[in-house]
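Engineer: Sharing a structure, written as structure tokens. Questions coming.
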Amino acid sequence: MKVPVNEPLLTQNAKKYVNQCLDTNWISSAGEFITKFEEKFCSFNKMKYGVANSSGTASLHLAMLSLEIGKGDEVILPAQTMISTAAAVMYVGARPVLVDSEIDTYNMDTNKIESKITKKTKAILMVDLFGHPVDYKPILKIAKNYNLFTIDDAAQAHGAKYNDKNVGSMTDISCFSFYANKIITTGEGGMMLTNNKKIFENAKLYRDMYHNKNQRFFHDKIGYNYRMTNLQAAIGLAQLEKIEKFIKIKKMMAKRYIKNLKNVKGIKLPIEKDYAKSVYWMFTILINEKDFGINRNQLMNELRKNKIDTRTTFISLNKQPPIKKWYKNQKYPVSEHVEKTGMYLPSGLAITNKQIDYVSECIKKIHKKYNL
Ligand SMILES: *Cc1c(COP(=O)(O)O)cnc(C)c1O
């Protein structure tokens, strides 16, 4: 049996809506699906304004631009995340200041934020890693005390909840990705949400080359082409209609993996904090070599031999060549532990129970083989 690490689930309406674009020639960045998708995604998250755009990375860049964060500024973010979170900060000439992870959820350790704040700090950029919400309450409190902007990189956590609130609804700005492996997809795409009209207007200008509102082709600033196409929004709208079902699938997947693997020694399974409803974007496990028998890389190799595709967790940002010089004298032990021992199992929305059981059985067999 072949098991890909991630396969999206496309629905009948996607075809129907895309065909409507093709039939009417509305294939570029104007058209009814873009505003519809923005409105529906806003109402799903109980937010006022949405700026659909070309990627999750572009959404993060738009967040930085619309807050006018730039040279000389610092933005606090977790060390254990995808490079896009830090890249957006670098695009505007600001510096990412990294915070280590906590071991329960691998999210940013909220106890380690305050000591990173300086006069240059402008914002805290948090991430809901692997679909599990970060602990918002202490972060929002720190941000309020120090008068900092809050931005949520919710690219992995559409529909995840912190107490009763959606991630993406508690910060000044939130950013989502609709890449093919995310909770919902447009192929490529992203959206920035906010309740602040000024931020919203500014982000819209930056999304489309900063054309002056009264005089087109006059540009007060240099903008970007970060527009989403009507074709992408058509797929996005069809995906959004199914988001509750998709989240249910993710939860059932996690439940089944946990049931199958809970007695295997040396595997740390994902948990859900009291405040959290995770959407299990990727089913992430840590491998303890001593107890499991082999290490993470060896397990990934063994699974590959069984045609099972997996991925490692993220390489800690403090080790990335373009920025590592800034973190030379700092330590990120938890993030690096997650980096070295973490991996995700096949977690796509198209995964079947048979595939989950096959992956679990293979892991158990491998564990046995090295524990004779
Ligand atoms: C996927 C992802 C992004 C980037 O989204 P793209 O659409 O691929 O640009 C940013 N941050 C996190 C945490 C992600 O997982």
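The values are calculated or read from the model by the stated rules, or taken from the named source; none is laboratory data. Keep in mind it's a predicted model, so treat the numbers as computed, not measured. Don't worry about glycine lacking a Cβ; one is built from the backbone with ideal geometry, like all the others, and counts go over all protein chains shown. To get the accessible areas, we keep the full protein, side chains included, count just its heavy atoms, and leave off ligands, DNA and RNA. Shrake-Rupley method; radii C 1.70, N 1.55, O 1.52, S 1.80 Å.
Engineer: Do we have Phe44 as within 16 Å of the ligand (Cβ to nearest atom), part of a helix (DSSP H, G or I) and either outside the structural domain of Arg207 (by TED's automatic domain parsing) or of a type in the set (Phe, Trp, Tyr) (or both) here?
Structural biologist: Answer is no for this residue.
Engineer: Report, ordered by the first and then the second residue, all pairs with beta carbons closer than 6 Å, sequence separation of six or more or different chains, a first member in segment 46-62 that is closer than 15 Å to Met209 by Cα, and a second member that is within 14 Å of the ligand (Cβ to nearest atom) and open to solvent by 10 Å² or more (accessible area, probe 1.4 Å).
Structural biologist: From segment 46-62, the pairs are Asn53/Tyr226; Ser54/Tyr226; Ala58/Tyr226; His61/Tyr91.
Engineer: Could you check, for segment 164-181, whether at least one of its residues is within 24 Å of Lys15 (Cα to Cα), open to solvent by 20 Å² or more (accessible area, probe 1.4 Å) and of a type outside the set (Ser, Thr, Tyr)?
Structural biologist: Yes, segment 164-181 has at least one match.
Engineer: Taking the residues in segment 24-58 that are among the hydroxyl-bearing types (Ser, Thr, Tyr) and in contact with a Leu (Cβ under 9 Å, 6 or more places away or on another chain) as candidates, determine which candidate is most open to solvent (accessible area, probe 1.4 Å).
Structural biologist: Once the filter is applied, the top-ranked residue is Ser28.
Table: residues versus (1) assigned to a loop (DSSP other than H, G, I, E, B); (2) more than 30 Å from Lys165 (Cα to Cα).
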| position | (1), (2) |
| --- | --- |
| Ile285 | no, no |
| Ile294 | yes, yes |
| Met300 | no, yes |
| Leu303 | no, yes |
| Phe314 | yes, no |
| Pro322 | yes, yes |
| Lys325 | no, yes |
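Engineer: If you don't mind, there's one more thing I want to ask. What number of residues within segment 1-55 satisfy the criterion of being touching an Asp or Glu at 6+ places or on another chain (Cβ under 9 Å) and closer than 24 Å to Thr85 by Cβ?
Structural biologist: Residues flagged as touching an Asp or Glu at 6+ places or on another chain (Cβ under 9 Å) and closer than 24 Å to Thr85 by Cβ within segment 1-55 amount to 8.
Engineer: Does segment 77-92 hold any residues that are away from the ligand (no atom under 13 Å from the Cβ) and closer than 19 Å to Thr194 by Cβ, and which are they?
Structural biologist: Answer for segment 77-92, where residues must be away from the ligand (no atom under 13 Å from the Cβ) and closer than 19 Å to Thr194 by Cβ: just Val92.
Engineer: Kindly provide the set of residues from segment 327-351 that are open to solvent by less than 20 Å² (accessible area, probe 1.4 Å), in a helix (DSSP H, G or I) and hydroxyl-bearing (Ser, Thr, Tyr), ordered by number.
Structural biologist: Scanning segment 327-351 gives Tyr327, Ser335.
Engineer: Let me ask another. Consider Arg311 carefully, then state whether it is within 26 Å of the chain's Cα centre (by Cα), basic (Lys, Arg) and within 16 Å of the ligand (Cβ to nearest atom).
Structural biologist: yes
Engineer: Then there is this: Given (1) under 24 Å from Ser59 (Cβ atoms); (2) in a helix (DSSP H, G or I); (3) open to solvent by 50 Å² or more (accessible area, probe 1.4 Å), where does Asn111 come up short, assuming only one miss?
Structural biologist: (1)
Engineer: Inside segment 147-185, can you point out the residues that are more than 16 Å from the ligand (Cβ to nearest atom) and in a loop (DSSP other than H, G, I, E, B)?
Structural biologist: Scanning segment 147-185 gives Asn147, Leu148, Asn163, Asp164, Ser169, Met170, Asp172.
Engineer: Consider segment 83-97. How many of its residues are assigned to a loop (DSSP other than H, G, I, E, B) and open to solvent by less than 20 Å² (accessible area, probe 1.4 Å)?
Structural biologist: Going through segment 83-97 one residue at a time, the tally reaches 1.
Engineer: Continuing with this model, one more query. In segment 186-212, which residues are over 23 Å from Lys36 (Cβ atoms) and part of a loop (DSSP other than H, G, I, E, B)?
Structural biologist: Of everything in segment 186-212, those that are over 23 Å from Lys36 (Cβ atoms) and part of a loop (DSSP other than H, G, I, E, B) turn out to be Met209, Tyr210, Asn212.
Engineer: With respect to Lys2, is the statement that it is within 23 Å of Ile222 (Cβ to Cβ) and basic (Lys, Arg) true?
Structural biologist: No.
Engineer: Looking at segment 186-207, which of the residues that are surrounded by fewer than 17 Cβ atoms within 10 Å (Cβ to Cβ) and more than 16 Å from the ligand (Cβ to nearest atom) is nearest to Asn166 (Cα to Cα)?
Structural biologist: So, considering only residues that are surrounded by fewer than 17 Cβ atoms within 10 Å (Cβ to Cβ) and more than 16 Å from the ligand (Cβ to nearest atom), the one nearest to Asn166 (Cα to Cα) is Asn195.
Engineer: What's the number of the only condition in (1) under 19 Å from the mean Cα position of the chain (by Cα); (2) touching a residue at least 60 places away in the same chain (Cβ under 8 Å); (3) within 30 Å of Glu188 (Cβ to Cβ) that Lys248 fails to meet?
Structural biologist: Failing condition for Lys248: (2).
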